[in-house]
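Worksheet: one structure, shown below.
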Number of protein chains: 2
Amino acid sequence: MEVKVVRKILDVNDAMAAQNRNAFGKQGVFVLNVMSSPGSGKTALLERTLSQLSPEIRCAVIVGDVATSHDADRLAKSGAPVVQVNTDAFGGDCHLAAHVIGAAASDLDLSAIDLLIVENVGNLVCPAEFDIGEDARVVVLSVTEGEDKPVKYPLMFRVCDAALLNKIDLLPHLDYDIAAARGYIRQIKSDMPIFDVSAKTGEGFDAWIKWLKKTVAAKSTAAA
Amino acid sequence: MEVKVVRKILDVNDAMAAQNRNAFGKQGVFVLNVMSSPGSGKTALLERTLSQLSPEIRCAVIVGDVATSHDADRLAKSGAPVVQVNTDAFGGDCHLAAHVIGAAASDLDLSAIDLLIVENVGNLVCPAEFDIGEDARVVVLSVTEGEDKPVKYPLMFRVCDAALLNKIDLLPHLDYDIAAARGYIRQIKSDMPIFDVSAKTGEGFDAWIKWLKKTVAAKSTAAA
């Protein structure tokens, strides 16, 4: 019974996601959905990512949180347009749904944007189930979280196009087996690109930014 | 529409939770619901908690994960009976629902248990909405997660009876303002007991174990 109800919600969501995808495509906007646990360092990662992409790639951000505008306030300092979504206005939702993204995007001038980054609600389960009309999905794991998260939350890793292992500056202080973490990711998705990064020090960002630029460019080439 | 559907699921859950609470109460079992983000160190915390409570308090554990039995395998080494629930059997649920706890508890001999600890699915949103028939709820935050999680995920902190700040052994390596974290918790719940602990070194466990024993004892005294 519960599963049936959820199925209906997901069908409505998929229809809205297709509308979003069509609208973003018409304006040539690439949409990246960034997902993770709470506290994996998504916002710090995006602060540095925005500063490295600008001004070559014109970015905007939609930030999802159950409550507060802390992350949006931080990201707005980059100069990129930022829209904060608080899901407590939608019953405290644990994810961003496609209709929420559609509404938030209407506050942005899509014709002035190349890349729209969506910072999803911190949650390794539910956001993986909701298509928002994105072109690519990445998952951020902090190396403080333990190696086995990919096999415990397999859907998230199955639906993502790349994984980032963040906070590698802390590795000397942790009993963390980064090779085991990579093994668990590849157990779920054998060809997953994996980037070891520190949003704090910038280590590893060159490879991540190169992948992101290439991924965004591949779509505009395909569309041209 | 979406909210109405969720409301119906929660009503069914509340009825099942009341059944669980009645069944646990009859057997004199205290139920503790432990919630957190993925990777906050719940399992390590419970490993040490079980070893400090035993043999004075007879414990059992129900462990929830979307997939794998990694945590149950670790906790079973304590000698306590452990039941693993994989929510991917229930559509990949992001929380433990009351009916799932009722089914899992039927695998335990409740007459031989004083304290049933439920390690919920790693998620700061959805588990806060589902009463499972517990007597107390605690939330575990890792100091690697950033200080502002309590205000970003307010419901979780509102419904909990105590908060644990785990991994304090890492504080020397982090830019973490533990006073700010406590302030954010108290902004949501002004009288919340907060325990700073390290599941790795055991620091801070005396106060946490003392609180837990007192909380469990208070219920048996009230029932006697």
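Shown for chain A are the DSSP H helices of 15 Å or more along their axis, judged by Cα atoms, with a mean Kyte-Doolittle hydropathy of at least -1.0: A:2-26, A:42-53, A:178-188, A:205-223. Suppose every Lys and Arg Cβ carries +1 and every Asp and Glu Cβ carries -1, with no other charges. What dipole size does chain B come out with about its Cα centre, to the nearest 20 debye? Charge dipole, chain B, about its Cα centre: 460 debye, nearest 20. Beta bridges assigned by DSSP with both partners in the range A:2-218 are antiparallel in approximately 0 percent of cases.
Computed from the C-beta positions of A:T221 and B:S54 and an R0 of 60 Å, the FRET efficiency is 0.45 to the nearest 0.05.
Order these by the 10 Å Cβ neighbour count, fewest first: B:E119, A:E129, A:E56.
A:E56, A:E129, B:E119
Annotation for A:I178 and B:K77: the two label points, set 7 Å from Cα along the Cα-Cβ direction, are 2.5 nm apart.
Mark the label point 7 Å from the Cα of A:V12 along Cα→Cβ and return the residues of the range A:81-109 whose backbone N is within less than 18 Å of it. Residues A:87-104 fall inside that zone. Averaging the sequence gap over all C-alpha pairs within less than 8 Å and six or more residues apart, then dividing by the number of residues, gives the range B:2-218 a relative contact order of 24 percent. Take every Cα pair under 8 Å whose residues are at least 6 apart in sequence, average their separation, divide by the length of the range A:1-88, and the relative contact order is 22 percent.
Across peptide B:30-43, the mean count of Cβ atoms from other chains lying within 10 Å of each residue's own Cβ comes to 4.
Between A:D206 and B:S69, the FRET efficiency estimated from the beta carbon spacing at R0 = 51 angstrom works out to 0.85. Exceeding 25 Å between C-alpha atoms, which entries from my cross-link table qualify? They are A:K167/B:K200; A:K167/B:K210; A:K167/A:K210; A:K77/B:K42; B:K42/B:K149; A:K189/A:K214. Table pairs above 25 Å Cα-Cα are A:K167/B:K210; A:K77/B:K42.
On a per residue basis, the convex hull of the C-alpha atoms belonging to the protein assembly as shown measures out at 135 Å³.
For B:S36, the amide hydrogen comes within under 5 Å of the amide hydrogens of B:N123, B:V140, counting only partners 5 or more places away or on other chains and with H modelled in the peptide plane. Here the sum of -39500 (n - 2.57) over DSSP H runs of 4 or more residues, divided by the residues of the protein assembly as shown, equals -12500 deg cm²/dmol at 222 nm, to the nearest 500.
For a quick check: sort A:W208, B:W211 by the number of other beta carbons within 10 angstrom, fewest at the front.
B:W211, A:W208
The order of A:K8, A:K152, B:K200, going from fewest to most other C-beta atoms within 10 Å of their C-beta, is A:K8, B:K200, A:K152.
Taking Lys and Arg as +1 and Asp and Glu as -1, the other residues whose beta-carbon sits under 10 Å from that of B:F30 total -2.
We did not get these values from a lab; they are worked out from the coordinates using the rules stated. Because the structure is predicted, anything quoted here is derived from the model rather than measured. Ideal geometry is used to build each Cβ from the backbone, glycine not excepted, and the neighbour counts take in all protein chains shown.
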